[in-house]
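Shown next, in structure tokens, is the structure this report addresses.
The values are calculated or read from the model by the stated rules, or taken from the named source; none is laboratory data. No experiment lies behind these values; they were computed from the predicted model shown. Here the Cβ positions follow ideal geometry from the backbone for every residue, glycine too, while neighbour counts run over all protein chains shown. Accessible surface is based on the protein model in full, side chains and every heavy atom, while ligands, DNA and RNA are left aside. Shrake-Rupley method; radii C 1.70, N 1.55, O 1.52, S 1.80 Å.
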Amino acid sequence: MRTVTKDNITDVFKGYMSDKMDPRMREVMGSLVTHLHDFARETNLTHDEWRAGIAFLEGCAAIETEDRHEFILTSDVLGLSSLVDMLHSNPAATSSSVLGPFHVSGAPPLPVGGDMKRDFGGPILLAEGVVKDIDGNPIPGATIDIWQTAPNGLYASQDDAQDTYSFHGLQTVGADGRYAFTTVKPVEYTVPTDGPVGDILNACGRHPWRPSHLHYIVEAEGFSPLVTEIFPDDDPYLDEDTVFGVRSDLVMTYKERPAEEFPDGMVISDKVNEPFLYVEFDVILSRKD
Ligand code: BEZ
Ligand code: FE
């Protein structure tokens, strides 16, 4: 009979894994259990604390739905989602950033120059740029799936007052790789705090705010898809994003422009009679390996 002790239990676990198992699974499971055991030994984890951890996981599972992903939110606020992003980001391409739980697939087409703000009030933001490869060549036919909150800080999927695709649009760029659209300047908002993740944030003395941002998923044939966000450089939460999504190449200046400088060729060009904000953000994609 083999005696399991607090000092050899990690090696015993590893010994239980079959030589025939997938080598990557062996590496990941072995490392995960090593860190879990070290964590318990280092902190001298008590039964009550272990039970609290299990209750946390059960609390996440209890509220998990198609629109509520508490496990992903846990990974986000612990910085794990962002760390995995950064481990696999190509430094020559635009940085990736968290997808978040509020993207709705199947957004309606948004023509180049189109408008996502519709009847919503708030400062007009004109965003444009070019989707290009790492050598600077435009990528014709690239698509950009764009989404953001309404001015009340809520995504369409969180807000019964908005229709399904409110502040969502899918733009396909032309031969010059250029995209352009108008919207309302995004606002800061909090991640949901009415579940177990709210308890973690409270226990750590952390706030739940994210800096304002526009979300993009950019895709093109032969290129790795990019999930990213754009942030304005004057946002008060830029240095303390609760999900660790800010990267320096994603921070842009939203320039103030007078109404007379609003360009022709946008869907709302004839209606703009107030100063507007302008941001230019090129997206660089890397080729698939
Ligand atoms: C978001 O930006 O939509 C988001 C990202 C991570 C967690 C919650 C929301
Ligand atoms: Fe967001």
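Of note:
- Diffusion coefficient, µm² s⁻¹, Stokes-Einstein with Kirkwood Rh over alpha-carbon pairs of the chain at 10 °C and 1.306 mPa s: 74
- Computed over neighbours whose Cβ is under 11 Å from that of residue 76, the net charge equals -2, Lys and Arg +1, Asp and Glu -1.
- Distance from segment 64-137 to segment 256-289 (C-alpha centre basis), Å: 18
- Stokes-Einstein translational diffusion, segment 93-169 - Kirkwood Rh over all Cα pairs, 0.692 mPa s, 37 °C, in µm²/s: 229
- Protein accessible area in segment 197-289, 1.4 Å probe - carbon and sulfur %: 46
- Considering only 103, 124, 59, and ranking their Cα positions along the charge dipole of segment 43-140 that arises from unit charges at the beta-carbon of Lys, Arg, Asp and Glu, the one farthest toward the positive end is 124.
- Residue-span extension gain [residue 62 to residue 40] - 0.36 nm each, minus C-alpha spacing: 5.4 nm
- Derived scalar couplings between HN and Hα for segment 186-198 equal x, 10, 5, 7, 9, 6, x, 10, 8, x, x, 5, x Hz in order, rounded to whole Hz, by the Karplus curve 6.51 cos²θ - 1.76 cosθ + 1.60 (θ = phi - 60°), x for Gly and Pro.
- Cross-link reach list, lysines versus residue 117, counting only Cα pairs under 19 Å and skipping chain neighbours closer than eight places: 185, 255, 271
- Gain on full extension, evaluated as 0.36 nm per residue between residue 271 and residue 104 minus their Cα-Cα distance, stands at 57.2 nm.
- DSSP beta bridge pairing in the chain, given as percent antiparallel to the nearest 5: 70
- Taking a straight Cα-Cα cut-off under 26 Å and skipping sequence neighbours fewer than 8 places away in the same chain, the lysines within cross-link reach of residue 14 are 6.
- C-alpha center-to-center spacing [segment 1-59, segment 139-178] in angstrom: 43
- Ligands, DNA and RNA are left out, and with a 1.4 angstrom probe the accessible area of the chain is 55 Å² per residue.
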